[in-house]
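Notes follow once the structure below has been shown.
The values are calculated or read from the model by the stated rules, or taken from the named source; none is laboratory data. Since the structure is predicted, the reported quantities are computational estimates derived from the model, not experimental observations. Because the Cβ atoms are built from the backbone with ideal geometry, glycine has one as well, and the counts that use them run over all protein chains shown.
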Ligand code: SF4
Ligand code: SF4
Ligand code: SF4
Ligand code: SF4
Ligand code: SF4
């Protein structure tokens, strides 16, 4: 895995550069091949034969969630999702489209960064205590249906959990077994803005296989040696220039159709400059501090540690749970809460995501998937908040200017 | 808080006021852990479980139910005097419970409507939480409580650490569990965003909306934090989910309707046309 180099404060490594770098590695001997949709089961069977548990999007409670699948019919055939702020609806179109649902609330995050991870079991012994490190059982999991934004999110999580001295063994063991079959997006949701973040809609790196659904055919790109091996023994057809062009055109059209965008040009500094903007009070009036935006975000990595002793006080179990900067405890330091109000917390979230993340990791903490917009119970849209926050700083960087025109 | 090596096991009392006994049943439902509890604590008073009822003083008292009669108002004072650590269990004891709906109504008319001889019924005009009468050390929310949370608090007290009762929203746990949000995907008026965690987000896990049985998230009564932003959520129920004002009012005036953030929100929507 290659990581974008960390930069000096204020410099921004474009995703494009990062992706191009990886593209050279993976796509060098990439062969566009065709798998007829009618033969998709052969791919699933090949994965099973190699010992993978296959996970794909399945219709559940009005959306899609990742579940173990066996046959193509388990996938959300004919379904499409419609997403807008605080609203998600599925529609059955009666088409034979297999990957018509763009995404549900879950990104690839839970596969490697588990929502609840057992870390340690500590037991009292005769002369002290013994500690047993819990580790997830290594498992080969093939995820089919990940999107470009999901891959970009996973790459950010890799950067956080696997780099150098900070390599997290729990994450690593789950990540190791992951095989990703991406699907290039040919339809954007109203909430998508991956094009402006340069993370999608085409999956460029970080996948083992990538599919583009063009009518009843799947164009296949190979992204890794493991991907190539899975395809051995499946008869594929050569793709005509015309079909490759058709696939590329739909992906481009998807990018152009995106109605939301995020103006990154003056980040991170521009956001630091508006630290005292009145818009923070406005959004605090709407925000519930419910944590949903951080839970669905593919890149958020905050977690808390929970200790569960047993009543006989002979042993205790330690686990790691997803946490969020919207909780009261997240802002708690010795004797004081540094983020008591919702305003403090929303500002923390947006500023970390879009600005200080760049200083911290050399890249944006947002990949433009739009999940936080859809799954916010009151539909708060970070692209809108940012544009209002930065609109007035365009004219002047004097903090605290009233917002106009809304 | 208690010395675990002490020969004397801490003495536990489980005391009932106006309630349905569901929270006490949660204790009995601890199954194997109940045996461990019996080994760790001396269960001195628990009429629902045993006719061996011994008088105080008690180290820990678990109090179920709200105060609805003059007699109960005296009984809780006496219990407090005999108890080191008093823990309320459930929405009734912690918030007044569903019976606190009477606080908005005329109890005398209820008596006349229900009982043939209403003059025999002695009842206060309000149902109030234990904390309005005596000092409460820890409050467990829920209708009923989560038995795991109860066990955890007792374990912490026995081991001697400050019990940790998270005040996060139900949504946090809902997402950890991988539920699909019923508010966003089905348009149901879920109270999860303003409700305290503790139940494991079981209602959204079954495809239905949370009705707030664990009470308001952070800042409801004790500890740091602000009251939850019920104003924003109620406004969304009305303007986007198309609930009419009386429906919004009823969302907040339920099992925990008498707790200030929910009470204030329901009062606002009651007045709207
Ligand atoms: S901040 Fe929102 S749009 Fe950006 S990656 Fe996270 S969930 Fe997606
Ligand atoms: S935005 Fe908040 S929850 Fe997400 S990584 Fe940053 S501090 Fe953590
Ligand atoms: S922005 Fe929306 S999802 Fe995030 S904490 Fe606020 S209300 Fe919840
Ligand atoms: S279903 Fe309810 S509790 Fe779960 S995330 Fe949605 S609003 Fe929150
Ligand atoms: S989801 Fe809400 S109503 Fe259901 S048990 Fe939990 S707190 Fe109570």
Some residue of the stretch A:289-304 being more than 20 Å from residue A:357 (Cα to Cα), part of a loop (DSSP other than H, G, I, E, B) and either within 16 Å of ligand 5 (Cβ to nearest atom) or modelled with pLDDT of 90 or more (or both): yes
Test result for residue A:357, at pLDDT 95 or above and either in contact with a helix residue (DSSP H, G or I) (Cβ under 8 Å, 6 or more places away or on another chain) or not assigned by TED's automatic domain parsing to the domain that holds residue A:383 (or both): no
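Let's see how each residue does on (1) more than 16 Å from ligand 1 (Cβ to nearest atom); (2) over 26 Å from the mean Cα position of the chain (by Cα); (3) farther than 30 Å from residue A:41 by Cα; (4) assigned to a strand (DSSP E or B):
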{"residue": "A:190", "(1), (2), (3), (4)": "no, no, yes, no"}
{"residue": "A:210", "(1), (2), (3), (4)": "yes, no, no, yes"}
{"residue": "A:226", "(1), (2), (3), (4)": "yes, no, no, no"}
{"residue": "A:249", "(1), (2), (3), (4)": "yes, no, no, no"}
{"residue": "A:258", "(1), (2), (3), (4)": "no, no, yes, no"}
{"residue": "A:261", "(1), (2), (3), (4)": "no, no, yes, no"}
Whichever residue in the stretch B:149-165 is more than 9 Å from chain A (Cβ to nearest Cβ) and surrounded by fewer than 18 Cβ atoms within 10 Å (Cβ to Cβ) and, among such residues, is farthest from residue B:199 (Cα to Cα): B:160
Near pairs, Cβ below 8 angstrom, 6+ apart or cross-chain, from the stretch A:331-355 (under 18 Å from residue A:372 (Cα atoms) and in contact (Cβ under 8 Å) with a residue 60 or more places away in the chain) to any residue that is assigned to a helix (DSSP H, G or I) and within 12 Å of ligand 2 (Cβ to nearest atom): A:350/A:382; A:354/A:382
Residue among B:248, B:184, B:259 that alone is more than 18 Å from residue A:327 (Cβ to Cβ) and either in the same structural domain as residue B:144 (by TED's automatic domain parsing) or within 16 Å of ligand 1 (Cβ to nearest atom) (or both): B:184
The stretch A:356-394 - residue that is surrounded by 22 or more Cβ atoms within 10 Å (Cβ to Cβ) and within 11 Å of ligand 2 (Cβ to nearest atom) and, of those, nearest to the other protein chains (Cβ to nearest Cβ): A:372
Matching residues in the stretch B:167-181 - criterion: being surrounded by 19 or more Cβ atoms within 10 Å (Cβ to Cβ) and more than 7 Å from every other protein chain (Cβ to nearest Cβ): B:170, B:173, B:174, B:179
Restricting the stretch A:282-294 to residues that are more than 7 Å from every other protein chain (Cβ to nearest Cβ) and more than 23 Å from the chain's Cα centre (by Cα), the residue that is farthest from ligand 3 (Cβ to nearest atom): A:282
Residues located in the stretch A:251-294, provided they are within 16 Å of ligand 4 (Cβ to nearest atom) and either touching a residue at least 40 places away in the same chain (Cβ under 8 Å) or surrounded by fewer than 21 Cβ atoms within 10 Å (Cβ to Cβ) (or both): A:286, A:287, A:288, A:289, A:290, A:292, A:293, A:294
Helices (runs of 4 or more DSSP H) fully within the stretch B:77-181 counting 2 or more residues that are touching a helix residue (DSSP H, G or I) at 6+ places or on another chain (Cβ under 6 Å): B:107-114, B:147-159, B:170-176
Residue count for the stretch B:184-222, restricted to those that are in contact (Cβ under 8 Å) with a residue 40 or more places away in the chain and either touching a strand residue (DSSP E or B) at 6+ places or on another chain (Cβ under 9 Å) or facing chain A (nearest Cβ under 7 Å) (or both): 17
Of all residues in the stretch A:295-331 being more than 9 Å from chain B (Cβ to nearest Cβ) and within 16 Å of ligand 4 (Cβ to nearest atom), the one that is nearest to residue B:178 (Cα to Cα): A:297
Answer residue from the stretch A:106-121, given it is touching a strand residue (DSSP E or B) at 6+ places or on another chain (Cβ under 7 Å) and at the interface with chain B (Cβ under 9 Å from one of its Cβ atoms) and is surrounded by the most Cβ atoms within 10 Å (Cβ to Cβ) among those: A:106
